[in-house]
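Report on the structure given below.
The values are calculated or read from the model by the stated rules, or taken from the named source; none is laboratory data. Model, not experiment: these values are computed from the prediction. When we count neighbours, we look across all protein chains shown, and the Cβ atoms used for this are built from the backbone with ideal geometry, even at glycine. When the accessible area is computed, the model is the full protein with side chains, heavy atoms only, and any ligands, DNA or RNA have been set aside. Shrake-Rupley method; radii C 1.70, N 1.55, O 1.52, S 1.80 Å.
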Amino acid sequence: ELSDNYDRIIGNYHSNNEKTMIFIAAIHGNEKSGVIALKRFFKDIKMLNLKIEGTVIGLIGNINALTKNARFIDVDMNRIWGQKEVSTKPNSEEKELVILKSLLTNIISLKNKKNICIVDLHNTSSSNGVFAIVNNKKESQLASSLRIPIINNLLQKVKGSFAEYYHSQKVNTIVFEG
C-alpha cells in the first residue's frame with residue numbers, strides 16, 4: 001500500500017489505470033538528480049494543474065543511503081535483486097530491497113502489467129551525456145521518444161540489477177542515465 005511507505009513516495013498522480021509509469025530514483029543514495037527532478041515534476045503538474053492520461057508514481061529506492069549521501073551503506077543495491085532470499089540478518093540494502101519490492105509488487109498487482117513501465121533513474125558518469133538502457137523491442141520503442149542514445153541488452157551483463165530483475169518479471173523497464 002502506498003500510504004504505508006509515505007517516506008519513500010516522491011509523488012503520485014492518478015487519472016486512470018490504463019497506463020502506469022513508475023520512476024525509481026536513488027537506488028544509489030548519492031545519485032540525487034532523479035529525486036530532485038521528480039519533486040519538481042510532481043510540483044509542476046500540481047501547480048500548473050496539468051492533466052496526464054494514466055498514473056505516474058515516483059519512489060525513492062534506497063532511503064538510508066540517500067539520507068547519508070552514500071552510494072550504498074553495506075552493498076550496492078543495484079547488484080542484489082537476483083538473490084533468491086534475503087539473509088537472516090539482512091544488511092541495510094537488503095532491508096531497503098524488501099520494502100521496495102513489496103511496494104512495487106502491490107502497485108503492479110493493481111495495474112495492467114503490460115501497460116506498466118518502470119524507469120530506473122541514475123546519474124551518469126559518462127562524458128558522452130545521457131543515455132537509456134533497454135532489453136527488448138518494446139522498451140526500445142518507449143525509450144526512443146526520449147531522443148537520446150539507447151543501449152540494448154546491456155542488462156544481461158549487469159547481474160542482480162533492479163532493471164534486470166523487473167525485466168525478468170515481464171515488466172517493461174528502462175534505465176535512464178542522466
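What the table below lists for this structure:
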{"quantity": "Distance (nanometres) between label positions extended 7 Å along Cα→Cβ at Lys114 and Arg40", "calculated": "3.6"}
{"quantity": "Listed residue (Ile60, Cys117, Phe162) projecting farthest to the positive dipole end of region 32-178, Cβ model", "calculated": "Cys117"}
{"quantity": "Protein-only accessible surface order, largest first, of Asp7, Asp120 at 1.4 Å", "calculated": "Asp7, Asp120"}
{"quantity": "Those GluC sites (Glu not before Pro) in region 1-90 that DSSP places in a loop and that have at most 12 other beta carbons within 10 Å", "calculated": "Glu1, Glu18, Glu53, Glu85"}
{"quantity": "Solvent-accessible area per residue for region 7-144 (1.4 angstrom probe, square angstrom)", "calculated": "53"}
{"quantity": "Share, in percent, of DSSP beta bridges within the chain that are antiparallel, nearest 5", "calculated": "30"}
{"quantity": "14 Å beta-carbon shell around Glu177, net charge (K/R +1, D/E -1)", "calculated": "-2"}
{"quantity": "For region 108-155 and region 31-105, distance of Cα centres in Å", "calculated": "16"}
{"quantity": "Helix-only CD estimate at 222 nm, as mean residue ellipticity for the chain, using -39500 (n - 2.57) per DSSP H run (n ≥ 4)", "calculated": "-9000 deg cm²/dmol"}
{"quantity": "Cα-derived Rg to Rh of the chain, Kirkwood definition", "calculated": "0.94"}
{"quantity": "Inter-site label distance for Asn49 and Ser144 at 7 Å from Cα along Cβ, in nm", "calculated": "3.7"}
{"quantity": "Test item: Cα-centred dipole of the chain, Lys/Arg +1 and Asp/Glu -1 on Cβ, debye", "calculated": "340"}
{"quantity": "Rounded to 5, percent antiparallel among DSSP beta bridges of region 1-85", "calculated": "45"}
{"quantity": "Residue of Leu97, Leu48, Leu59 that the Gaussian network model of the chain assigns the largest fluctuation, springs spanning Cα pairs under 10 Å", "calculated": "Leu48"}
{"quantity": "Those trypsin sites (Lys or Arg not before Pro) in region 33-121 that DSSP places in a loop and that have at most 12 other beta carbons within 10 Å", "calculated": "Lys51, Lys84"}
{"quantity": "Full-stretch length increase - Lys95, Asp74 - with 0.36 nm per residue and alpha-carbon distance subtracted", "calculated": "6.5 nm"}
{"quantity": "Distance violations [Cα-Cα > 19 Å] among Lys19/Lys114; Lys39/Lys113; Lys114/Lys138; Lys101/Lys159; Lys32/Lys137; Lys113/Lys137", "calculated": "Lys39/Lys113; Lys32/Lys137"}
{"quantity": "Solvent-accessible area, 1.4 Å probe, carbon plus sulfur percent, for the chain", "calculated": "53"}
